[in-house]
Amino acid sequence: MKIFSLIKDQLISSRKKFIPYGKQNITRNDIKSVIKVLKSDYLTQGENVGLFEKALSKRVNAKFGIAVNSATSALHIACLSLGLKENDYLWTTPITFVASANCGRYCGANVDFVDINPDTGLMSISELKQKLEKAAKENSLPKIVIPVHLAGSSCNMREVYELSKKYNFKIIEDASHALGGKYESEPVGSCKYSDITIFSFHPVKIITTAEGGMAVTNNKSHAQKMMDLRSHCIVKDKERFIEKTPGDWRYEMQSLGFNYRMNEIQAALGLSQLKRLNYIVEKRNNLYFRYKFLLKDLPLELIKIPNNTYSSIHLAIIRLKNKSLHREVFSKLRENGIGVQLHYQPIHLQPYYKKQGFQKGDFPISEDFAESCFSIPLYPELTNFDLQRICKALKNLLNYE
């Protein structure tokens with residue numbers, strides 16, 4: 001009887017609580033790692049940041065890692081390290097967080113977009129080819145292209161890379177969603193087909209440092225430039241000094257930089273979380289395929305994972321076959337305590353970018369995606385009761401009970 005009573009209590013509790021679309025997973029070891037730093041002599045500029053950089057870059061088969069206070073900061077210094085400047089062009093996709101585009105504006109560059117593949121939500125290679133052909137004729141080719149690995153699945157980086165050789169642009173992979181994923185059996189972040197890859201450690205991402213990000217690269221010059229930029233462009237290595245004057249106290253600010261450093265507390269948390277990366281990604285994949293089975297008879301579909309890709313499943317994005325129900329189903333799920341989220345409102349329709357000249361109809365596939373898709377909850381601690389509750393709510397709202 002106690003077992004049945006416990007199950008009943010769990011069911012009642014699961015109906016009442018709010019289920020977010022994503023959340024952090026913190027263990028006792030994570031907490032111990034943070035406490036250890038708090039009791040140490042260094043809360044910033046100690047050894048943990050360097051250890052985290054080495055551990056993560058090794059994990060993704062990259063030579064260098066540069067940890068910063070956010071993925072937005074990482075995108076900014078990545079653009080600067082590749083020489084992006086005023087009147088250059090940066091291209092990305094409309095279906096991403098605004099930071100993927102804003103990093104170009106921080107550098108004074110013009111930002112434009114490439115529409116998506118409707119099945120995956122990823123940058124469309126055919127759209128990219130057409131846009132590059134047109135830009136070549138108009139002398140407006142991009143200096144940087146930023147493919148975004150939406151929901152944890154890699155873009156077709158081999159084809160983007162081949163196009164970069166033909167049209168002479170640099171590539172930054174926005175892999176904020178994709179740590180732990182693979183493309184053609186290589187870890188996302190290996191930079192085999194890009195100049196720099198960016199990861200995010202926001203609480204809803206694959207692993208967290210509370211806030212934080214990292215750029216990884218195989219290019220020593222880019223790495224050094226990003227390391228300088230994250231810390232005011234202050235140089236302490238006498239071998240790199242411009243003015244050769246004596247004094248152990250000496251340092252040089254050689255150009256204009258920023259305070260984008262990651263602190264020791266964040267890095268210690270990241271190191272601890274990184275040890276569980278395989279478990280976290282495997283759990284996310286299991287939940288994704290459980291959803292796929294439970295929702296298979298409904299008039300909706302999960303966005304597809306491309307071939308040659310192992311997704312880290314940052315998001316479970318569903319597309320309603322009848323997009324006229326989009327707002328109603330979204331609102332009703334929220335009213336029932338299920339924290340669905342839109343990923344994303346197309347960037348070109350944000351007020352700031354409308355002022356840059358973009359308007360509705362510019363990227364119709366992305367606009368249709370936003371009007372028919374949203375994310376349902378997915379994170380490692382999502383229980384079977386939660387999963388059943390979410391699926392039952394969708395069945396009720398879509399009249400498939």
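Report, in listed order, any pair from Lys63/Lys166; Lys32/Lys238; Lys192/Lys283; Lys292/Lys332 with a Cα-Cα distance greater than 31 Å.
Numbers: Lys63/Lys166 26 Å; Lys32/Lys238 38 Å; Lys192/Lys283 27 Å; Lys292/Lys332 21 Å.
Pairs exceeding 31 Å: Lys32/Lys238.
Note on Asp368 and Lys332: with the Förster distance fixed at 22 Å, the Cβ-Cβ geometry gives a FRET efficiency of about 0.55. Pair-distance distribution of the range 128-259: all C-alpha pairs, bin width 10 Å, starting at 0; shares per bin in whole percent are 11, 31, 29, 20, 8, 1.
Fully extending the segment from Ser231 to Glu252 would add 6.4 nm, taking 0.36 nm per residue of separation and subtracting the current Cα-Cα distance. The angle between the Cα long axis of helix 384-397 and the longest principal axis of the Cα atoms of the chain comes to about 70 degrees, rounded to the nearest 10. Dipole orientation for the range 233-303: of the candidates Ser255, Ile265, Leu298, Leu298 has the Cα lying most toward the positive pole (charges on Cβ; Lys, Arg +1; Asp, Glu -1). Distances between placed amide hydrogens fall under 5 Å for Tyr183 paired with Val188, Tyr310, all partners being 5 or more residues away or on another chain. A simple spin-label model places pseudo-atoms 7 Å from Cα toward Cβ; at Phe18 and Lys166 they are separated by 4.9 nm. The trypsin sites (Lys or Arg not before Pro) of the range 24-96 that meet both conditions, a loop assignment by DSSP and at most 16 other Cβ atoms within 10 Å of the site Cβ, are Lys39, Lys63, Lys85.
Taking every alpha-carbon pair under 8 Å whose residues sit at least 6 apart, the range 300-341 reaches a relative contact order of 34 percent. Treating the angle as unsigned and between 0 and 90°, give the value, to the nearest 10°, between the Cα long axis of helix 264-274 and the longest Cα principal axis of the chain. So the inclination is approximately 50 degrees. For the range 308-348, trypsin sites (Lys or Arg not before Pro) meeting the loop criterion (DSSP other than H, G, I, E, B) and having at most 13 other Cβ atoms within 10 Å: Lys321.
Full-extension gain between Asn384 and Glu239, please, as 0.36 nm times their residue separation minus the C-alpha to C-alpha distance. Before the final figure, lay out the partial values.
On the way: separation 145, 0.36 × 145 = 52.20 nm, distance 5.86 nm.
Extra length available between Asn384 and Glu239 comes to 46.3 nm.
Anisotropy class assigned to the range 61-121 is oblate, per the alpha carbon gyration tensor with a/c at or over the 1.5 cut-off and a/b no larger than b/c. With the simple model of a label 7 Å out from the Cα in the direction of the Cβ, Ser140 to Ser126 spans 2.3 nm.
Computing semi-axes √(5λ) of the Cα gyration tensor in Å for the structure here picks out one of (1) 37, 29, 17; (2) 67, 24, 15; (3) 40, 22, 18, namely (1). In this structure the amide hydrogen of Asp112, modeled in the peptide plane, comes within under 5 Å of the amide hydrogens of Leu90, Trp91, Thr92, none closer than 5 places in sequence on its chain.
Each residue of the range 48-55 was assigned a 3J(HN,Hα) from its phi angle through the Karplus expression (A = 6.51, B = -1.76, C = 1.60, θ = phi - 60°), giving 5, 4, x, 5, 5, 4, 5, 5 Hz with x at Gly and Pro.
Compactness check for the range 51-195: Cα Rg over 2.2 N^0.38 Å is 0.99. Once all protein chains are placed together, Asp228 keeps about 20 Å² accessible to a 1.4 angstrom probe.
Taking a ≥ b ≥ c as the square roots of the eigenvalues of the alpha-carbon gyration tensor, the range 248-401 is classed oblate because a/c is 1.5 or more while a/b is no larger than b/c. Scalar couplings 3J(HN,Hα) for the range 317-332, obtained by applying the Karplus form with A = 6.51, B = -1.76, C = 1.60 to θ = phi - 60°, are 9, 10, 10, 7, 5, 9, 6, 5, 8, 3, 5, 5, 5, 4, 5, 5 Hz; x denotes Gly and Pro.
With +1 on each Lys and Arg Cβ and -1 on each Asp and Glu Cβ, how big is the dipole of the range 261-401 about its Cα centre, in debye rounded to the nearest 20? Walk me through the numbers before you get to the answer.
Working: 21 positive and 13 negative charges, 19 e Å.
So the dipole magnitude of the range 261-401 works out to roughly 80 debye.
Residues in the range 164-176 carry Karplus couplings, in order, of 5, 6, 6, 10, 6, 10, 8, 10, 10, 7, 8, 9, 3 Hz; the curve used is 6.51 cos²θ - 1.76 cosθ + 1.60 with θ = phi - 60°, and Gly or Pro positions show x.
Taking amide H positions as modeled 1.01 Å from N, with prolines and chain starts lacking one, the residues under 5 Å from Val235 and 5 or more places away or on another chain are Glu252, Met253, Gln254. A Gaussian network model of the chain, with springs between Cα atoms under 10 Å, assigns the largest mean-square fluctuation among Gly257, Gly189, Gly152 to Gly257. Highest mobility in the GNM of the chain, judged by mean-square fluctuation with C-alpha springs under 10 Å and restricted to Tyr288, Tyr279, Tyr379, is found for Tyr279. When DSSP beta bridges are restricted to pairs lying wholly in the chain, around 70% turn out antiparallel. A Förster radius of 56 Å, combined with the Cβ-Cβ distance separating Asn29 from Gln356, puts the computed FRET efficiency at roughly 0.75.
Note on Ser324/Ser221: beta-carbon distance plugged into 1/(1 + (r/R0)^6) with R0 of 56 Å gives a FRET efficiency of 0.60. Relative to the longest principal axis of the Cα atoms of the chain, the long axis of helix 125-138 makes an angle of roughly 40 degrees.
The values are calculated or read from the model by the stated rules, or taken from the named source; none is laboratory data. This one's a predicted model, so the numbers in the text were calculated from it and none came from an experiment. Virtual Cβ from ideal backbone geometry, glycine too; neighbours counted across all protein chains shown. In case anyone asks, the SASA skips ligands and DNA or RNA and just uses the protein heavy atoms, side chains included. Shrake-Rupley method; radii C 1.70, N 1.55, O 1.52, S 1.80 Å.
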